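The values are calculated or read from the model by the stated rules, or taken from the named source; none is laboratory data. Keep in mind the model is a prediction, meaning the values are calculated, not measured. Every residue, glycine among them, receives a Cβ derived from its backbone with ideal geometry; neighbour counts consider all protein chains shown.
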Amino acid sequence: MKLIEPIQDLYQEDFAHCYGCGRLNEYGHHLKTYLEGDLTKSTFLPKDYHIAIEGFVYGGLLASLIDCHGTGSASIFYAMHNGITITKDNAPRFVTGNLNVTYLKPTPLGKELKITGELKEISRKKVITSIKIDVDGNCTVKGKVTAILLPENFGKVK
(Lines give C-alpha, C1' and ligand atoms only; values in the text may rest on other atoms or scores of the structure.)
Protein backbone atom coordinates (compact mmCIF):
# COMPACT_ATOMS: atom_id res chain seq x y z
CA MET A 1 0.00 0.00 0.00
CA LYS A 2 1.26 3.45 -0.86
CA LEU A 3 0.10 6.24 1.43
CA ILE A 4 1.47 9.70 0.68
CA GLU A 5 -0.89 11.75 2.85
CA PRO A 6 -1.15 11.36 6.62
CA ILE A 7 -3.99 9.03 7.56
CA GLN A 8 -5.68 11.75 9.62
CA ASP A 9 -6.18 13.88 6.49
CA LEU A 10 -8.16 11.01 4.95
CA TYR A 11 -10.65 10.53 7.79
CA GLN A 12 -14.28 11.36 7.07
CA GLU A 13 -15.35 14.75 8.38
CA ASP A 14 -17.54 13.13 11.06
CA PHE A 15 -14.37 11.56 12.50
CA ALA A 16 -11.91 14.43 12.06
CA HIS A 17 -12.50 16.37 15.31
CA CYS A 18 -10.19 14.50 17.69
CA TYR A 19 -8.18 16.83 19.94
CA GLY A 20 -5.00 14.89 19.26
CA CYS A 21 -5.20 14.29 15.53
CA GLY A 22 -8.36 15.87 14.10
CA ARG A 23 -7.73 18.18 11.19
CA LEU A 24 -11.02 19.96 11.97
CA ASN A 25 -10.21 20.73 15.62
CA GLU A 26 -8.69 24.20 15.56
CA TYR A 27 -7.31 23.81 19.11
CA GLY A 28 -5.89 20.30 18.74
CA HIS A 29 -2.41 18.89 18.25
CA HIS A 30 -2.99 17.99 14.56
CA LEU A 31 -0.82 14.89 14.81
CA LYS A 32 -0.03 13.42 11.37
CA THR A 33 0.75 9.72 10.96
CA TYR A 34 2.56 8.41 7.88
CA LEU A 35 3.56 4.96 6.74
CA GLU A 36 7.30 4.42 6.23
CA GLY A 37 8.13 0.85 5.30
CA ASP A 38 6.63 -1.43 7.95
CA LEU A 39 6.38 1.33 10.56
CA THR A 40 4.25 4.39 11.13
CA LYS A 41 5.85 7.73 11.92
CA SER A 42 4.77 11.06 13.37
CA THR A 43 6.62 14.03 14.81
CA PHE A 44 5.49 16.58 17.35
CA LEU A 45 7.14 19.64 18.86
CA PRO A 46 5.69 20.36 22.31
CA LYS A 47 4.95 23.98 23.11
CA ASP A 48 6.29 25.71 26.21
CA TYR A 49 2.88 25.35 27.87
CA HIS A 50 2.99 21.52 27.55
CA ILE A 51 5.02 21.58 30.75
CA ALA A 52 5.03 19.18 33.70
CA ILE A 53 7.93 20.61 35.67
CA GLU A 54 10.41 23.12 34.37
CA GLY A 55 12.12 21.78 31.26
CA PHE A 56 9.99 18.63 30.83
CA VAL A 57 6.87 17.60 28.92
CA TYR A 58 3.58 16.88 30.69
CA GLY A 59 2.93 13.11 30.78
CA GLY A 60 -0.72 13.46 29.76
CA LEU A 61 0.36 15.03 26.47
CA LEU A 62 2.72 12.11 25.84
CA ALA A 63 -0.07 9.62 26.55
CA SER A 64 -2.38 11.43 24.14
CA LEU A 65 0.27 11.33 21.41
CA ILE A 66 0.69 7.58 21.89
CA ASP A 67 -3.09 7.19 21.85
CA CYS A 68 -3.64 9.12 18.61
CA HIS A 69 -0.61 7.66 16.86
CA GLY A 70 -1.84 4.20 17.89
CA THR A 71 -5.32 4.63 16.44
CA GLY A 72 -3.94 6.23 13.26
CA SER A 73 -1.46 3.37 12.93
CA ALA A 74 -4.29 0.89 13.43
CA SER A 75 -6.15 2.44 10.50
CA ILE A 76 -3.10 2.13 8.25
CA PHE A 77 -2.21 -1.42 9.31
CA TYR A 78 -5.84 -2.57 9.02
CA ALA A 79 -6.09 -1.17 5.50
CA MET A 80 -2.82 -2.84 4.50
CA HIS A 81 -3.87 -6.18 5.98
CA ASN A 82 -7.25 -6.08 4.23
CA GLY A 83 -6.07 -4.77 0.85
CA ILE A 84 -7.93 -1.47 1.20
CA THR A 85 -6.64 1.35 -0.97
CA ILE A 86 -7.21 4.36 1.24
CA THR A 87 -8.67 7.40 -0.46
CA LYS A 88 -10.31 10.53 0.86
CA ASP A 89 -13.12 9.62 3.25
CA ASN A 90 -12.78 5.81 3.23
CA ALA A 91 -10.09 5.34 5.88
CA PRO A 92 -11.06 2.75 8.49
CA ARG A 93 -11.62 4.59 11.79
CA PHE A 94 -10.56 3.22 15.16
CA VAL A 95 -11.08 4.22 18.78
CA THR A 96 -8.99 3.28 21.77
CA GLY A 97 -10.04 0.14 23.62
CA ASN A 98 -7.00 0.07 25.89
CA LEU A 99 -4.01 2.35 26.36
CA ASN A 100 -0.93 1.34 28.32
CA VAL A 101 1.83 3.91 28.75
CA THR A 102 5.25 3.40 30.36
CA TYR A 103 7.36 6.46 31.12
CA LEU A 104 11.02 5.49 30.89
CA LYS A 105 12.65 8.85 31.55
CA PRO A 106 11.67 12.53 31.57
CA THR A 107 10.95 13.95 28.11
CA PRO A 108 12.61 17.34 27.61
CA LEU A 109 10.71 20.37 26.34
CA GLY A 110 12.02 22.20 23.27
CA LYS A 111 12.91 19.03 21.37
CA GLU A 112 11.08 17.35 18.49
CA LEU A 113 9.40 14.10 19.48
CA LYS A 114 9.68 11.23 17.00
CA ILE A 115 6.80 8.81 17.33
CA THR A 116 6.99 5.33 15.81
CA GLY A 117 4.35 2.63 15.58
CA GLU A 118 4.68 -1.09 14.94
CA LEU A 119 1.97 -3.65 14.30
CA LYS A 120 1.77 -6.32 16.99
CA GLU A 121 -1.57 -8.06 16.37
CA ILE A 122 -4.51 -7.73 14.01
CA SER A 123 -7.95 -9.32 13.85
CA ARG A 124 -11.29 -8.59 12.23
CA LYS A 125 -12.18 -5.68 14.55
CA LYS A 126 -9.06 -5.04 16.63
CA VAL A 127 -5.49 -3.86 16.03
CA ILE A 128 -2.75 -3.79 18.67
CA THR A 129 0.22 -1.52 18.12
CA SER A 130 3.42 -0.82 19.99
CA ILE A 131 4.26 2.90 20.04
CA LYS A 132 7.40 4.67 21.19
CA ILE A 133 8.45 8.28 21.56
CA ASP A 134 12.10 9.14 20.97
CA VAL A 135 13.96 12.37 21.67
CA ASP A 136 17.42 12.72 20.15
CA GLY A 137 17.50 8.96 19.53
CA ASN A 138 16.54 8.03 23.11
CA CYS A 139 13.21 6.36 23.91
CA THR A 140 11.52 8.29 26.73
CA VAL A 141 8.03 6.77 26.57
CA LYS A 142 6.55 3.59 25.16
CA GLY A 143 3.02 2.38 24.90
CA LYS A 144 0.67 -0.29 23.69
CA VAL A 145 -2.62 0.66 22.08
CA THR A 146 -5.51 -1.72 21.51
CA ALA A 147 -7.64 -0.04 18.86
CA ILE A 148 -11.20 -1.09 18.05
CA LEU A 149 -12.73 -0.67 14.57
CA LEU A 150 -15.77 1.59 14.57
CA PRO A 151 -18.84 0.11 12.93
CA GLU A 152 -19.99 1.88 9.76
CA ASN A 153 -23.14 3.16 11.48
CA PHE A 154 -21.31 4.55 14.55
CA GLY A 155 -22.66 7.95 15.56
CA LYS A 156 -25.50 7.89 13.03
CA VAL A 157 -28.86 8.98 14.41
CA LYS A 158 -31.61 6.46 13.68
Revision key, fill the gap. Residue count, region 30-51, condition free of Cβ contacts under 8 Å to residues at least 24 places away in the same chain and in a loop (DSSP other than H, G, I, E, B), comes to 4
**Study point:** Residue that is without any contact (Cβ under 8 Å) to a residue 24 or more places away in the chain and either in a helix (DSSP H, G or I) or closer than 18 Å to Leu31 by Cα (or both), where the choices are Ser75, Ser130
**Key:** Ser130
**Study point:** Exclusive hit being among the hydroxyl-bearing types (Ser, Thr, Tyr) and either touching a helix residue (DSSP H, G or I) at 6+ places or on another chain (Cβ under 8 Å) or modelled with pLDDT under 95 (or both), set Thr129, Thr102
**Key:** Thr129
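Conditions tested, residue by residue: (1) crowded, with 21+ Cβ neighbours inside 10 Å; (2) part of a loop (DSSP other than H, G, I, E, B); (3) more than 17 Å from the chain's Cα centre (by Cα).
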residue	(1), (2), (3)
Glu5	no, yes, no
Cys21	yes, yes, no
Gly28	no, yes, no
Gly60	no, no, no
Gly70	yes, no, no
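Looking at Ile86, Ile122, Ile115, which is the one that is touching a residue at least 24 places away in the same chain (Cβ under 8 Å), surrounded by 16 or more Cβ atoms within 10 Å (Cβ to Cβ) and closer than 24 Å to Lys47 by Cα?
Ile115
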